[in-house]
Amino acid sequence: MSGTLAVYQKEMATYFRSPIAYYVVAVFLLGSGYFFLYNVFLTGETAMAGTFQNMGILLVTLAPLVSMRLLAAEYSGGTAELLLTLPLTPLQIVVGKFLGALTILLLITAGTMVDLIPLYLFGTPETTTILAGYIGFVLLGAACLAVGQLFSTLTHNQIVAALLAAAVLLGFWLVGHLQAFQSSPALRGFVGYLSFSLHFTDFIQGLVRTEGVVFYLVISAIALTLSAGYLQWRR
Amino acid sequence: MTASPAIALESVSKRYGSRTIIHELSFTVARGEIVGFLGPNGAGKTTTMRMIAGYTAASEGRVLVAGRDMATDHVDAARLIGYLPERPPLYDALDVSAYLRFVAKVKGIRRGAIAAEIERVAAACRLEQVLGDEIFKLSKGYRQRLGLAQALLGAPEVLLLDEPTAGLDPGQIQETREVIRRFGAEHAVLLSTHILAEVTLICHRVAIINGGRLLAIDSPAGLQRAVEATNQVALRIAAEPAALRAALLAVEGVRSVDIRGEAGAGLLEVECQVDADDAVEAAIARAVAGRFALHRLERREPTLENVFLRYVQAEPARGAAA
């Protein structure tokens with residue numbers, strides 16, 4: 001536990017010395033702010049559903065920029081030789097780093113809550129629906145970061161890690177559209193189950209379903225376990 | 001019951017695909033011993049260090065650190081190791097004290113003892129002046145010393161140093177050697193270096209490796225004794241080369257003659273490999289005195305450099321072809 005905590009603290013100390021973190025936070029907050037204003041003024045509804053949908057797409061494209069450096073920068077900077085020879089298990093390294101990235105996500109999430117102020121000042125939004133949306137947003141983000149971290153574990157090149165992660169995450173986001181082309185109900189169900197966006201839509205609509213929660217947690221757990229397994233294997 | 005050696009390699013091999021980099025390497029390093037690890041570039045020194053440190057696993061054989069198997073007990077074994085890789089593993093974005101604090105925490109040093117421990121290693125490596133500086137601003141010498149400082153944190157039982165004095169100025173090299181010597185009095189140190197003088201100065205034993213094979217391991221003096229059978233006698237002499245070669249090879253105890261060229265003013269520089277017998281010099285002097293103008297004749301003691309070259313040149317890098 002102390003090893004994981006030390007890795008986490010080191011991650012937090014290094015994250016904000018890099019311009020990438022500021023860039024990602026700034027772009028996300030500007031983007032989500034724009035979508036919020038657009039959706040509220042366009043629909044005239046005091047709801048976050050449309051904004052959450054846009055935030056989801058933003059997250060899928062920007063999360064790889066947060067996760068790309070997690071292990072790839074350790075390899076290219078030569079610090080992996082320190083990290084992997086210190087008394088740490090691969091899982092401690094992976095979890096410590098993941099928690100660091102997750103903290104950035106939580107900061108971004110907290111930043112978007114500024115949008116709620118005018119919503120509550122000038123309307124009567126459904127708090128439970130908004131809460132469900134935020135739960136979905138954090139779970140989606142955790143899964144995106146874990147998948148991004150897996151690709152960062154596999155390559156020395158941060159750009160390659162980001163591009164591969166973005167491609168796979170967009171695939172997970174868009175795979176739900178394939179439902180329309182499936183005649184078999186089983187395949188339709190399977191494709192729908194894999195879809196990041198369909199599960200996220202449930203949360204946006206105020207439905208915190210066990211299936212959705214478990215889906216994102218399982219994706220995160222699988223990606224983190226594969227990352228730790230790869231670190232062990234490359235020894 | 002005898003205590004396990006601090007480092008023990010038991011028939012360790014390392015393969016990458018079909019290529020074997022390290023061939024059945026076996027040696028031990030005891031506590032209170034500094035062992036120099038010598039070999040030309042690509043000999044397998046860094047790979048061996050990495051296997052002992054746990055960065056990469058052995059394909060065959062066992063690496064034991066204080067009796068703990070690196071393959072099955074990595075975390076416990078890693079607690080006993082301080083490792084300075086060839087390239088100091090530093091986080092440029094951190095400042096020096098934050099970096100040392102991170103390593104200290106991971107090494108499991110008690111929270112209350114961390115500040116004192118950082119102070120201790122910073123003093124040993126002369127880092128007090130830069131503790132608050134960001135690492136990316138440090139000179140190469142400071143970076144190297146910071147790498148050494150993190151390895152020393154927690155006074156590990158085993159210290160693995162890959163080229164620890166690279167990039168340091170002469171004063172810093174001397175200080176670093178002193179730190180290693182002091183540390184090696186009670187702990188086990190395996191030191192990879194290209195600087196042969198360093199090995200002579202601070203190492204109790206020397207391991208020579210080439211092509212992933214251990215060629216010799218002994219004290220510097222022991223290795224020198226081992227090759228005393230091939231001492232050198234150097235001459236500076238005015239002579240016709242073919243006649244000189246014939247005259248020298250006729251002397252009993254002269255194994256080979258190497259005429260190295262003109263030294264100016266018609267003088268030749270000549271090196272003879274000879275037996276350890278002291279009478280050889282006198283026999284050479286007698287053989288050339290009447291026929292050629294002898295300007296200088298001296299016996300050269302086998303230096304560690306000669307010893308190293310003899311072993312390495314006698315054992316071509318078979319690993320490269322494997």
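If we keep just the residues of the range B:120-140 that are farther than 23 Å from residue A:85 by Cα and not in a loop (DSSP other than H, G, I, E, B), which is nearest to the other protein chains (Cβ to nearest Cβ)?
So the residue we want is B:134.
Just give me the residues in the range B:100-112 being in a helix (DSSP H, G or I) and either within 11 Å of another protein chain (Cβ to nearest Cβ) or at pLDDT 95 or above (or both), in sequence order.
Hits for the range B:100-112 are B:100, B:101, B:102, B:103, B:104, B:105, B:106, B:111.
If only one of B:181, B:236, B:213 is outside the structural domain of residue B:31 (by TED's automatic domain parsing), over 12 Å from the mean Cα position of the chain (by Cα) and not hydroxyl-bearing (Ser, Thr, Tyr), which one is it?
Exactly one residue qualifies, and that residue is B:236.
Restricted to the range B:73-97, and to residues that are surrounded by fewer than 19 Cβ atoms within 10 Å (Cβ to Cβ) and under 18 Å from residue A:74 (Cα atoms), which residue is nearest to the other protein chains (Cβ to nearest Cβ)?
Ranking the qualifying residues of the range B:73-97, first place goes to B:87.
Within the range B:203-221, can one find any residue that is of a type in the set (Val, Ile, Thr), within 25 Å of residue B:312 (Cβ to Cβ) and at pLDDT below 85?
No, the range B:203-221 contains no residue that is of a type in the set (Val, Ile, Thr), within 25 Å of residue B:312 (Cβ to Cβ) and at pLDDT below 85.
Name every residue in the range A:191-235 that is within 14 Å of chain B (Cβ to nearest Cβ) and either at positive phi or without any contact (Cβ under 8 Å) to a residue 24 or more places away in the chain (or both), in order of residue number.
Correct list: A:233, A:234.
Kindly provide the set of residues from the range B:252-294 that are basic (Lys, Arg), more than 14 Å from residue B:239 (Cα to Cα) and part of a strand (DSSP E or B), ordered by number. Before you say what the answer is, go through the steps one by one.
So in the range B:252-294, the residues basic (Lys, Arg) come out as B:255, B:260, B:286, B:291.
From what's left, more than 14 Å from residue B:239 (Cα to Cα): B:255, B:286.
Correct list: B:255 only.
Picking from A:166, A:110, which residue would you name as being touching a residue at least 60 places away in the same chain (Cβ under 8 Å) and at negative phi?
The match here is A:166.
Exactly one of these conditions fails for residue A:155: (1) surrounded by 15 or more Cβ atoms within 10 Å (Cβ to Cβ); (2) under 19 Å from residue A:214 (Cβ atoms). Give me its number.
Answer for residue A:155: the failing condition is (2).
Hey, among A:65, A:82, which residue is more than 17 Å from residue A:216 (Cα to Cα) and more than 12 Å from the chain's Cα centre (by Cα)?
Answer to the selection: A:82.
I'd like the residue in the range A:47-72 that is in contact (Cβ under 8 Å) with a residue 40 or more places away in the chain and over 17 Å from residue A:141 (Cβ atoms) and, out of all such residues, is surrounded by the most Cβ atoms within 10 Å (Cβ to Cβ).
That would be A:71.
Can we say residue A:44 is closer than 14 Å to residue A:118 by Cα and without any contact (Cβ under 8 Å) to a residue 12 or more places away in the chain?
Considered against the rule, which asks whether it is closer than 14 Å to residue A:118 by Cα and without any contact (Cβ under 8 Å) to a residue 12 or more places away in the chain, residue A:44 comes out as yes.
Condition first: surrounded by fewer than 24 Cβ atoms within 10 Å (Cβ to Cβ) and hydroxyl-bearing (Ser, Thr, Tyr). Can you find one or more residues in the range A:98-109 that meet it?
yes
For the range A:203-217, which positions are in a helix (DSSP H, G or I) and under 14 Å from residue A:138 (Cα atoms)?
To start, the set of residues in the range A:203-217 that are in a helix (DSSP H, G or I) comprises A:203-204, A:210-217.
Residues satisfying the conditions are A:203, A:204, A:212, A:213, A:214, A:215, A:216, A:217.
Restricting attention to the range B:53-72, does a residue exist that is buried (at least 23 other Cβ atoms within 10 Å of the Cβ), assigned to a helix (DSSP H, G or I), within 9 Å of chain A (Cβ to nearest Cβ) and without any contact (Cβ under 8 Å) to a residue 24 or more places away in the chain?
No, there is no match, as no residue in the range B:53-72 is buried (at least 23 other Cβ atoms within 10 Å of the Cβ), assigned to a helix (DSSP H, G or I), within 9 Å of chain A (Cβ to nearest Cβ) and without any contact (Cβ under 8 Å) to a residue 24 or more places away in the chain.
Yes or no: residue B:196 out of contact with any strand residue (DSSP E or B) (no Cβ under 6 Å at 6 or more places or on another chain) and either in contact (Cβ under 8 Å) with a residue 24 or more places away in the chain or away from every other protein chain (no Cβ under 14 Å) (or both)?
So residue B:196 passes the test.
Within the range A:13-24, work out how many residues are more than 8 Å from chain B (Cβ to nearest Cβ) and either surrounded by 14 or more Cβ atoms within 10 Å (Cβ to Cβ) or free of Cβ contacts under 8 Å to residues at least 12 places away in the same chain (or both).
Qualifying residue count, the range A:13-24: 7.
Has the range B:35-45 got any residue that is within 14 Å of chain A (Cβ to nearest Cβ) and in contact (Cβ under 8 Å) with a residue 60 or more places away in the chain?
No; the residues of the range B:35-45 include none that is within 14 Å of chain A (Cβ to nearest Cβ) and in contact (Cβ under 8 Å) with a residue 60 or more places away in the chain.
The values are calculated or read from the model by the stated rules, or taken from the named source; none is laboratory data. Predicted model, so just to flag it, every value in this text is computed and none were measured. Positions of Cβ are backbone-derived with ideal geometry, glycine not excepted, and every protein chain shown enters the neighbour counts.
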